[in-house]
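Worksheet: the structure to be examined is printed underneath.
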C-alpha cells in the first residue's frame, strides 16, 4: 500500500500530534465534533481533503489542502501558533523515547 502524501508543511492542532500526511488530516477532520465540522471553513477543508483521496494530489493541490486546513484550524481556534517550534518539540520527544 502506498504511503500517504505529505502536506506542504506540518500543522499542529492544539493538544494533538502534528498533521503531516493527507491521512493524518483526514483522520483529524473525521474526528471533529459536529458543531466544529459543520463550519464553512471545515466543510471546505473536508471537501478538498477527501477529494484528494480519489486521485493522487499534485504538489499544488497539497499546498491548497494545507492552506485550507490551516485556515480552518485558525478560525476555529485550534491551531497551535508557532507550529514549527511545536513540531520540533514533538519530533524531539519522539526521538528521545
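The values are calculated or read from the model by the stated rules, or taken from the named source; none is laboratory data. The shown structure was predicted, so the numbers you read here are calculated from the model rather than taken from an experiment. Because the Cβ atoms are built from the backbone with ideal geometry, glycine has one as well, and the counts that use them run over all protein chains shown.
Kindly evaluate residue 88 against the criterion of being surrounded by 12 or more Cβ atoms within 10 Å (Cβ to Cβ), more than 14 Å from the chain's Cα centre (by Cα) and either at pLDDT 90 or above or in a helix (DSSP H, G or I) (or both).
Here the answer is yes, as residue 88 does meet what is asked.
Can you tell me which residue is surrounded by the fewest Cβ atoms within 10 Å (Cβ to Cβ) among those in the stretch 24-71 that are in contact (Cβ under 8 Å) with a residue 40 or more places away in the chain and in a loop (DSSP other than H, G, I, E, B)? Filtering first and then ranking leaves 56. Screening residue 10 with (1) assigned to a helix (DSSP H, G or I); (2) touching a residue at least 12 places away in the same chain (Cβ under 8 Å); (3) under 29 Å from residue 93 (Cβ atoms) gives one miss only, at (1).
Filter the stretch 13-23 for residues that are farther than 16 Å from residue 65 by Cα and either part of a strand (DSSP E or B) or under 11 Å from the mean Cα position of the chain (by Cα) (or both) and give the result.
16, 17
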